[in-house]
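Asker: Submitted below is the structure of interest, expressed as structure tokens.
The values are calculated or read from the model by the stated rules, or taken from the named source; none is laboratory data. Computed from a prediction, not measured in an experiment: that's the story for all the values here. With ideal geometry, Cβ positions are generated from the backbone for all residues, glycine too; neighbour counts draw on all protein chains shown.
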């Protein structure tokens, strides 16, 4: 399997099953400004951890501009014992765009010793943009450590002021802030892709 | 000689299918202090957990008699009511539960089991204050949540405080010296010694000599690979300190 | 541990008794005639009958919602009695039946006003030590205490029916202003058939000197309870309101579909606390109350504040989302919740915080505890509208699992259309710690008491928000409700 999927260029499988001890690391990228990116994208992905001790590490990055619409629906299903999943999604929404992250962590009855963590963070860059997070946990086993965190906000004014007071022009300072916000996911991408996204 | 308080016979026990204690024999009489020493992984903490009845451990064979009763047939709380106290190597945190509420529940359960009436709030408070002074704990501690935000030393001191409150017949101190500086070590050890009587006994589990400078044992055992390989008087402590475990066996 | 879990079952629900009292009923079933009959019994004005009929017609066009994480049984709405009231004795129509007095006594709800002891206590002390109660028994309010003492300050506290008679303008102005008749299926049903409930109006600048409360008691079999509470806090006023409820143990399930509306004007402060202890059904999942409730408040004026605190331990099924519309600039709201389910109970509960005004603030703290074979879900919405500049929300939703056959779920939606608004949501799910349990047991605390202690500690952040009178009761309830959950 590939490790990086760019929406509009690569075909992301809708459903993946991980067997015993299997590991998968996956990064999904959507940037409405990238060549070939659809203005409206509905991305469903289900990853089932079906074998004991399987582990999943999934990250996503989205930048929605103009009137683009993105819906990411990620179902992570823990069907076996002792599996681990990590999810990290980061997104920027600007102009009149709308992004929805709908992420489910499902732990089946009997899937003990599950460890699942999901994080989803969005930043709104303009009035008129909309971000929606639906981080869901559905858990039917008790010996589990599951968590999710979701935030939505804007770039931090204090940071911006700090950089400007050091002589960094506002535009550049904002770019640095965005870079810093996205870097945990950007660092998973090939350098040339990361650069073209940040343009 | 005083009567036998605890008698362990050919005890085999382990966790998750792995045998750790492989035939431990140990007899403790009232009034005695025994030290159990030994290298890492010898089974020292397993022994204390099994005696206190930690559910994750399984006893596969052997017997333990405590004050004439079958200890292994008792639930953890019944063992506590019978006067067994374990000072935990890693005391747990219980968010949202104050020390006062915790001690009140523990004491009430113990008194109920003994057929005694619950202490009045005033009596309870007096006892609390007396015992806190005894281990030199600051009064504000009792309002804090159990273990939450405590330093290593504070946690250990809180263990000895609980011991003072519950007045056990047999105290098991599991690595009570770890994480303590010299001053705290002295306070804790003095607390333990002051609680010690002709009728009560203690098992001191430790790696090092330093705690045993304050809590002087009558008998010293060396536990290795799940069995007691050597038993002697207190002079053994100095030999271990000098020659190491390899050197004395 | 597993054995402890089993041992905790089989605790009696101590409020499960039935009061023997002669009652009058309307015929079973739901149609326009029934609604006209209820309205007539209550001597209502035409506008209120029209309101009911309009709601009924809306309800007929709606479907029972199925989006909750619940197995809601098929409810036969024609097989429910919509109005049941204790008969007034013709010889003494104004006095309360002693059997009812005794019932509320037994439930710990004081319906007698303690007298001011001349010279012993100041009026302020006397007031602060008392709680005014509106006691609702099946479909009617049987008594509202301290009415005259409160009236001295201009506070109106009475049954809904009396409010309709005595303060029709206020009722008409605010009724359905927060929860419209067609808001949802159960709110529409309530709007059509509601029988009684509490009404409260705190005038401008008045700090209510005592806690006000409503106590709801279902007694008759085959009935449903459909009460309506309307609270209006005028500018700069403040109020702490408590709500409690219980019902007899029966094998049949009974429907409770209430509506609570709260209007908070500029700079007013309302704290609404609930300890929900409806009969939860037995250990095999038979019987219990279906608690399908709409509660909503509006922070209408700037600087207004509304706080929800709920402890939910009862009901076979709970479907309940006390919500706040933060309309006024700088208004704020909180939702603090403990929901505990055991045996076959199901709860789908949470809140909505709708941020409209600038600088609005909200905070959500939810603690779910699942045991037995129960299902417990947090469901929430935080919505930042485009104009909610600088608004903030922080949500923390924790779930605790006791035993391996229950479910704990978290279904939040965080929707933001305002770049300057900041929303943070966190959730965790874990099981009760075996280390904590063993530690407490080693100190001599029996397993079930240890679980009660741990759960109370876990819920403390919420419990400490309750008024004193409620906190101790809620603590006890959490421990009792868990009996049978641990072994």
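Asker: Quick check on the stretch C:222-241: of everything there that is touching a strand residue (DSSP E or B) at 6+ places or on another chain (Cβ under 7 Å) and more than 23 Å from residue C:186 (Cβ to Cβ), which residue is surrounded by the fewest Cβ atoms within 10 Å (Cβ to Cβ)?
Answerer: C:238
Asker: May I pose another question? For the stretch A:52-73, indicate whether the set of residues that are touching a residue at least 24 places away in the same chain (Cβ under 8 Å), more than 17 Å from residue A:6 (Cα to Cα), at the interface with another protein chain (Cβ under 10 Å from one of its Cβ atoms) and part of a strand (DSSP E or B) is non-empty.
Answerer: No, that holds for no residue.
Asker: Restricting attention to the stretch C:276-296, does a residue exist that is closer than 19 Å to residue C:461 by Cα and touching a residue at least 24 places away in the same chain (Cβ under 8 Å)? Walk me through it before giving the result.
Answerer: In the first step, residues of the stretch C:276-296 are kept if they are closer than 19 Å to residue C:461 by Cα; the result is C:276.
Checking the rest, the ones that are also touching a residue at least 24 places away in the same chain (Cβ under 8 Å) come to C:276.
Looking for residues that are closer than 19 Å to residue C:461 by Cα and touching a residue at least 24 places away in the same chain (Cβ under 8 Å), one finds at least one in the stretch C:276-296, hence yes.
Asker: Only residues that are surrounded by fewer than 18 Cβ atoms within 10 Å (Cβ to Cβ) and touching a residue at least 60 places away in the same chain (Cβ under 8 Å): list them for the stretch B:66-89, please.
Answerer: Hit for the stretch B:66-89 is B:67, nothing else.
Asker: Can I ask one more? Does the stretch C:73-94 contain any residue that is modelled with pLDDT of 85 or more, within 17 Å of residue C:243 (Cβ to Cβ) and within 21 Å of the chain's Cα centre (by Cα)?
Answerer: No, the stretch C:73-94 has no match at all.
Asker: Can you find a residue that is in contact with a strand residue (DSSP E or B) (Cβ under 8 Å, 6 or more places away or on another chain), touching a residue at least 40 places away in the same chain (Cβ under 8 Å), more than 14 Å from chain B (Cβ to nearest Cβ) and crowded, with 22+ Cβ neighbours inside 10 Å anywhere in the stretch C:424-441?
Answerer: yes
Asker: OK, next. Can you go through C:473, C:461, C:448, C:469 and tell me which one is surrounded by fewer than 20 Cβ atoms within 10 Å (Cβ to Cβ), part of a helix (DSSP H, G or I), in contact (Cβ under 8 Å) with a residue 24 or more places away in the chain and within 14 Å of chain B (Cβ to nearest Cβ)? Before the answer, list the steps.
Answerer: Values: C:473 fails: within 14 Å of chain B (Cβ to nearest Cβ); C:448 fails: surrounded by fewer than 20 Cβ atoms within 10 Å (Cβ to Cβ); C:469 fails: within 14 Å of chain B (Cβ to nearest Cβ).
The conditions single out C:461.
Asker: Within the stretch C:359-366, can one find any residue that is more than 7 Å from every other protein chain (Cβ to nearest Cβ), modelled with pLDDT of 95 or more, part of a loop (DSSP other than H, G, I, E, B) and surrounded by fewer than 23 Cβ atoms within 10 Å (Cβ to Cβ)?
Answerer: Yes, because at least one residue in the stretch C:359-366 is more than 7 Å from every other protein chain (Cβ to nearest Cβ), modelled with pLDDT of 95 or more, part of a loop (DSSP other than H, G, I, E, B) and surrounded by fewer than 23 Cβ atoms within 10 Å (Cβ to Cβ).
Residues are listed down the side, and each one gets a yes or a no for (1) more than 7 Å from chain C (Cβ to nearest Cβ); (2) within 24 Å of residue A:35 (Cα to Cα); (3) crowded, with 17+ Cβ neighbours inside 10 Å; (4) without any contact (Cβ under 8 Å) to a residue 12 or more places away in the chain:
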{"residue": "A:130", "(1), (2), (3), (4)": "no, yes, yes, no"}
{"residue": "A:144", "(1), (2), (3), (4)": "no, no, yes, no"}
{"residue": "A:161", "(1), (2), (3), (4)": "yes, no, no, yes"}
{"residue": "A:167", "(1), (2), (3), (4)": "yes, no, no, yes"}
{"residue": "A:196", "(1), (2), (3), (4)": "yes, yes, no, no"}
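Asker: Let me ask something else about it. For the stretch C:397-419: of the residues being part of a loop (DSSP other than H, G, I, E, B) and surrounded by 23 or more Cβ atoms within 10 Å (Cβ to Cβ), which is modelled with the lowest pLDDT?
Answerer: C:403
Asker: Out of everything in the stretch B:163-192 that is outside any helix (DSSP H, G or I), modelled with pLDDT under 90 and in contact with a strand residue (DSSP E or B) (Cβ under 8 Å, 6 or more places away or on another chain), what residue ends up being surrounded by the fewest Cβ atoms within 10 Å (Cβ to Cβ)?
Answerer: Filtering the stretch B:163-192 down to residues outside any helix (DSSP H, G or I) leaves B:167-181.
This time we only want the ones that are modelled with pLDDT under 90, so: B:175-181.
Pick out the ones that are also in contact with a strand residue (DSSP E or B) (Cβ under 8 Å, 6 or more places away or on another chain) and you get B:175-176.
Working: B:175: 21, B:176: 26.
Out of the qualifying residues, it is B:175.
Asker: Also, I was wondering about something else. So residue C:66 passes all but one of these: (1) closer than 30 Å to residue C:401 by Cβ; (2) assigned to a loop (DSSP other than H, G, I, E, B); (3) at pLDDT below 85. Which condition number does it fail?
Answerer: Result: residue C:66 passes all but (3).
Asker: Please enumerate the residues belonging to the stretch B:90-107 that are more than 9 Å from every other protein chain (Cβ to nearest Cβ) and free of Cβ contacts under 8 Å to residues at least 24 places away in the same chain.
Answerer: B:104
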